[in-house]
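Undergrad: Handing you this structure, nothing more for now.
The values are calculated or read from the model by the stated rules, or taken from the named source; none is laboratory data. Just so it is clear, the model here is predicted, and its values are computed rather than measured. Using ideal geometry, Cβ is built from the backbone for each residue, glycine included, and neighbour counts are taken over all protein chains shown. These area figures cover heavy atoms from the full protein model, side chains too; ligands, DNA and RNA do not enter into them. Shrake-Rupley method; radii C 1.70, N 1.55, O 1.52, S 1.80 Å.
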Amino acid sequence: IYGECRRLYPDQPNPLQVTAILKYWLGGPDPLDYVSMYRNLGNPALNVPEHWHYVSFGLSDLYGDNRVHEFTGTDGPSGFGFELTFRLKRETGESAPPTWPAELMQGLARYVFQSENTFCSGDHVSWHSPLDNSESRIQHMLLTEDPQMQPVQTPFGVVTFLQIVGVCTEELHAAQQWNGQGILELLRTVPVAGGPWLITDMRRGETIFEIDPHLQERVDKGIETDGSNLSGVSAKCAWDDLSRPPEDDEDSRSICIGTQPRRLSGKDTEQIRETLRRGLEINSKPVLPPINAQRQNGLNLDRAPSRKDSLESESSAAIIPHELIRTRQLESVHLKFNQESGALIPLCLRGRLLHGRHFTYKSITGDTAITFVSTGVEGAFATEEHPYAAHGPWLQILLTEEFVEKMLEDLEDLNSPEEFKLPKEYSWPEKKLKVSILPDAVFDNPLH
């Protein structure tokens, strides 16, 4: 990694670094050993301004001795397989790089280490706060390949470099409704919003849609023709089987004090993971693999087999043998989301299901997962005859196009979250479906 940095910055062999005082493997809170900070002169010919370039060290395996990451050989990814970078526009007269980006990177690294969800180019991160704790409109992030740093082969595996790109709320929403790569391409065409190297300017006061109103037309057209390629999110969500009494501990999704919720088995997790991956292949026919599908070739090509993938959690080991968890048809279900997750339901319906695709909510507080599927998705265990089906803690809901249109009408106010009062409930008695939008605190309470 140092070699790749030296290739770009031969005149800066000893860059300034922000270092974790107490290393992570010794119990410290910061997973990144350090963040190197370089001065990049930009490229005036390409209209790339001078900026600070930050590079993380620690998401990949720096040591190869299992102190942080399990060493799995040289052929696969090193550690999580990537390091983060960030490019911040240099302010006039600034002689040293600000250090807040290093703390931002530590925050993202903590999320990766704790959840074991990894990042890919085109992903977005909802941050809901100015990245530098100022009054800036730059309050969220997209991720893309670093334009200068090439993937490197290390003694402990391959490392790629993912660049953080600061964006406004309106740009984040556009990325969710359409896709991250499309918005990144638009940002590259607007010099003050990033330009070709996607440099973040915390002083930017206008969105790309305010700078160039024509860009909104391109997004709208993209949503209409492509739908959204956001096939799933980590969310605060839960579901209850209203067709069974809560005290039926064996099959209820209600968690009682003193009992343990079911865990997703490895095969369940593989299926959800495959669901999300296939959802990103927007030109292929959406397919949910069968429950007993064997691991597909290539599923782990970008990942060491021992490293959990983006939808597994620490508790994913099966408590009950997979074969003993039967698929259940449910008569009536109650879905629960926090406000941020609920606001994505119209996207799920309009951008995914109406385009014949699927969308998964995976709980960040447990092993619950909710997948909405359209009638065009093959391999789902929910059917038109039995639209609600559960396999352990994974619920699938099949919605017809006609019902999706009805739901979109009824959920219209989810598009105006600022006018929202919680809790909010929606009900379709004829379909035996209820949706509640609840405060975050409900999901943060482990006894709920």
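Undergrad: Of all GluC sites (Glu not before Pro) in segment 143-231, which ones are in loop regions per DSSP and have a Cβ with at most 14 other Cβ atoms within 10 Å?
TA: Here the sparse-neighbourhood loop sites are Glu206.
Undergrad: Here is a further query. Kirkwood hydrodynamic radius, computed over distinct alpha-carbon pairs, for segment 1-226: how many Å, to one decimal?
TA: Hydrodynamic radius (Kirkwood, Cα pairs) of segment 1-226 is 18.1 Å.
Undergrad: Once phi is turned into θ = phi - 60°, what whole-Hz ³J(HN,Hα) does the Karplus curve with 6.51, -1.76 and 1.60 give for every residue of segment 407-414, x standing for Gly and Pro?
TA: 4, 4, 5, 6, 9, 3, 6, 5
Undergrad: I've got another one for you. Within segment 15-32, whose backbone N sits under 18 Å from a point 7 Å along Cα→Cβ of Tyr111?
TA: What the label zone holds, given the 18 Å backbone N cut-off, is 30-32.
Undergrad: Can you give the relative contact order of segment 1-226 as a percent, counting alpha carbon pairs under 8 Å and 6+ residues apart? Spell out each step's value before the answer.
TA: Numbers: 430 pairs, mean separation 40.0, N = 226.
Relative contact order comes out at 18 percent.
Undergrad: Sticking with this one: Using the crude model of +1 on Lys and Arg Cβ and -1 on Asp and Glu Cβ, and no other charge, please compute the dipole size for segment 1-226 relative to its Cα centre, in debye to 20.
TA: My answer is approximately 520 debye.
Undergrad: I would also like to ask the following. Say each of Asn133 and Ser332 gets a label point 7 Å from the Cα, pointing the same way as Cα to Cβ; how far apart are those two points in nm?
TA: If labels sit at Asn133 and Ser332, their model points lie 5.0 nm apart.
Undergrad: Still on this structure: So if each residue of separation counts as 0.36 nm, and I subtract the Cα-Cα distance between Ser126 and Thr400, what length gain in nm does that give? Intermediate values should be presented prior to the final figure.
TA: On the way: separation 274, 0.36 × 274 = 98.64 nm, distance 3.00 nm.
Fully extending the segment from Ser126 to Thr400 adds 95.6 nm.
Undergrad: In whole Hz, what ³J(HN,Hα) sequence does segment 24-31 give by Karplus (6.51, -1.76, 1.60; θ = phi - 60°), x for Gly and Pro?
TA: For segment 24-31, the Karplus curve yields 4, 6, 9, x, x, x, 9, x Hz.
Undergrad: In addition: Mind checking the full-extension length gain between Leu354 and Ser243? Use 0.36 nm per residue of separation minus the Cα-Cα distance, one decimal, nm.
TA: Working: separation 111, 0.36 × 111 = 39.96 nm, distance 2.78 nm.
Full extension of this stretch gives 37.2 nm more.
Undergrad: Tell me, in nm to one decimal, what length is gained between Asp410 and Leu22 on full extension, where the rule is 0.36 nm per residue of separation less the Cα-Cα distance?
TA: Full extension from Asp410 to Leu22 adds 134.5 nm.
Undergrad: Enumerate the residues in segment 158-193 having an amide nitrogen under 19 Å from the point lying 7 Å beyond the Cα of Thr92 toward its Cβ.
TA: 192-193
Undergrad: Direction-averaged shadow area of the convex hull around the Cα atoms of segment 77-197, nm²?
TA: 8.3 nm²
Undergrad: Another question about this same structure. Expressed as cubic angstrom per residue, what is the convex hull volume of the alpha carbon set of segment 1-102?
TA: Spread over its residues, the Cα hull of segment 1-102 gives 122 Å³ apiece.
Undergrad: Right, next: First compute the accessible area of segment 1-226 with a 1.4 Å probe, then give the percent of it belonging to carbon and sulfur atoms.
TA: 51 percent
Undergrad: Only Cα pairs under 8 Å and at least 6 apart count here; give the relative contact order of segment 324-378 as a rounded whole percent.
TA: Numbers: 38 pairs, mean separation 13.8, N = 55.
Contact order relative to length: 25 percent.
Undergrad: Next question, about the same structure. Apply the Karplus parameterisation 6.51 cos²θ - 1.76 cosθ + 1.60, with θ equal to phi minus 60°, to every residue of segment 80-96 and state each ³J(HN,Hα) to the nearest whole Hz, in sequence, with x for glycine and proline.
TA: Whole-Hz 3J(HN,Hα) from phi for segment 80-96: 7, x, 8, 10, 8, 10, 8, 10, 10, 4, 7, 7, 4, x, 7, 9, 9.
Undergrad: Okay, next question. What share of Cα pairs, in percent, lie more than 15 angstrom apart in segment 371-448?
TA: It works out to 66 percent of all Cα pairs.
Undergrad: Hey, rough spin-label estimate for Asp212 and Val442, points 7 angstrom out along Cα→Cβ, what's it come to in nanometres?
TA: Going by the 7 Å Cα→Cβ label model, 4.3 nm.
Undergrad: Given H placed 1.01 Å from N in the peptide plane, which residues other than close sequence neighbours of Tyr34 have an amide H under 5 Å from its amide H?
TA: Correct list: Ala20, Phe57.
Undergrad: Next question, about the same structure. Bin width 5 Å, origin at 0, all Cα-Cα pairs of segment 88-130: what percent of pairs per bin?
TA: Values per bin, smallest distances first: 5, 16, 21, 23, 15, 11, 7, 2.
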